[in-house]
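All remarks here apply to the structure that follows.
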Amino acid sequence: MYPFTLPDYQGKSIVNLMSSISHSFGKKHSYTKLKSLNSTELKKFKNIVLIVVDGLGYNYLKKQKDSFLLKNLKTSMTSTFLSTTACANTAFSVGYPPQQHALTGWDINLKETGTITTILPFVPIFGRESLSKSNFKMNQIMDIKSFHKGFEGKCFTLIGRKISNSPFTNYVSSNTTIIPTKTYKNTFTKLRKLVTKKSTGRRFIHAYLPELDHLAHQEGINSKGVNKIFWDLDKRIKKLAQSIKGTNTKLIVVADHGLIDATPNTEIWVENIPGLKECLTIPLAGEPRVRDCFVRPSKVKDFEKIVKTKMSKCCWCFKGEQLIKDNFYGLGKPNKKLIDRVGDYVLIMKDNYILRDKLANYGKPPNFHAGKHGGVSDDEMIVPLVVIDC
């Protein structure tokens, strides 16, 4: 029906992996288990260690010949829609996709705050002061139950020190022991100590590594810098696996999404498309690769005509409600907040196009950030499942 890659929530997505993990710790999950890694197999292991390498796409990994991760690649999975950290990495923390957690991208139109909010740092798009200082709380924005509560075992979250005590981290990692880390190198040190530490019960350990994604945004996924950090991560994961051999640990390495490289020539600005800005009630939300557009009722026909005649080369256009019905965001009953956050129309960018707009305080950045994600290309949507028995 749709001419691009969609999440396969029926047993081949990262959400299904979380279902397998949940069931292996004795807690039911409403999504089916991952077909390629069942909970029965996971139950055999005392420690389940989930390492999320932000931005490590399946197609990228397949190019890294002779790497340790490639040698231990089991299969591929799909990300969520959108294929972005706010949607997909949140799924690793809360166990469910946007259909349930209702986060729809990096920038979300929140009725609760009266702003378009950059959700992970919890700041409005026009500034950098946390909304917590204005007495907004994350439990007013998210209302999903704790994923880890009820696990038959102890849960741990290893995450960067700068965000380890953020409102978002504290909310999605509730009922886990949060262990702050300095760098990804420090993460591997703490992982090794934690796994080798004696324990009477089972443990689920979730470690988040953002560095590859961060550098890919700046330099591009195919840059020398990203290649260098990949091979260092590969070396350290191999060393970790060797150092915890004999601990009855299932080491699972995954990603939330992959990336593509955009160029200044594929960067489209709302302001440069005559009539488009006048159709919108508020600025764009979502991600540069998938845009939530909130359209004036009196301008619907104008909006549709502009997109069809001036933007068809660079994007597909769908009604937001239809994407929810067609299970882009997940299965089952949608979170009540989801319909408010998905645009009246959703523009999904083709090829390596991105769509942006400007607030009145816009300042041109010194460098163009090439690496992008959130879209529906295989490079963005397909992620690896690496499994190592230790």
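Annotations
- The helices (runs of 4 or more DSSP H) falling completely within segment 184-244 that include 2 or more residues that are closer than 16 Å to G57 by Cα map to 211-219, 224-243.
- Checking each residue in segment 274-293 for being among the β-branched types (V, I, T) and either assigned to a helix (DSSP H, G or I) or surrounded by 22 or more Cβ atoms within 10 Å (Cβ to Cβ) (or both) picks out only V290.
Okay, residues lined up against (1) closer than 30 Å to A91 by Cα; (2) outside the structural domain of L42 (by TED's automatic domain parsing):
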{"site": "V300", "(1), (2)": "no, yes"}
{"site": "I306", "(1), (2)": "no, yes"}
{"site": "M311", "(1), (2)": "no, yes"}
{"site": "I348", "(1), (2)": "yes, yes"}
{"site": "M381", "(1), (2)": "yes, no"}
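- Matching residues in segment 342-375 - criterion: being without any contact (Cβ under 8 Å) to a residue 60 or more places away in the chain and among the aliphatic types (A, V, I, L, M): L347, A360
- Answer residue from segment 249-274, given it is of a type in the set (V, I, T) and farther than 30 Å from T309 by Cα and is nearest to the chain's Cα centre (by Cα) among those: V254
Residue by residue, here is whether (1) among the small types (G, A, S); (2) crowded, with 20+ Cβ neighbours inside 10 Å; (3) within 18 Å of the chain's Cα centre (by Cα) holds:
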| residue | (1), (2), (3) |
| --- | --- |
| A102 | yes, yes, yes |
| G105 | yes, yes, yes |
| T181 | no, yes, no |
| K197 | no, no, no |
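- Meets criteria (without any contact (Cβ under 8 Å) to a residue 24 or more places away in the chain and within 21 Å of the chain's Cα centre (by Cα)) for I339: yes
- Only residues that are basic (K, R) and either surrounded by 15 or more Cβ atoms within 10 Å (Cβ to Cβ) or under 19 Å from S173 (Cβ atoms) (or both) were counted in segment 118-143, giving 1.
- Residue among T115, T75 that is of a type in the set (S, T, Y), surrounded by fewer than 24 Cβ atoms within 10 Å (Cβ to Cβ), more than 21 Å from H206 (Cβ to Cβ) and in contact with a strand residue (DSSP E or B) (Cβ under 6 Å, 6 or more places away or on another chain): T115
- Helices (runs of 4 or more DSSP H) lying entirely in segment 294-390 (those with 2 or more residues that are closer than 30 Å to S67 by Cβ): 378-381
- Single residue of segment 144-167 satisfying the filter (in contact (Cβ under 8 Å) with a residue 40 or more places away in the chain and assigned to a helix (DSSP H, G or I)) that is surrounded by the fewest Cβ atoms within 10 Å (Cβ to Cβ): I163
The values are calculated or read from the model by the stated rules, or taken from the named source; none is laboratory data. Quick caveat: nothing in here was measured; it's all calculated off a predicted structure. FYI the Cβ positions are ideal-geometry reconstructions off the backbone, even for glycines, and counts take in every protein chain you see.
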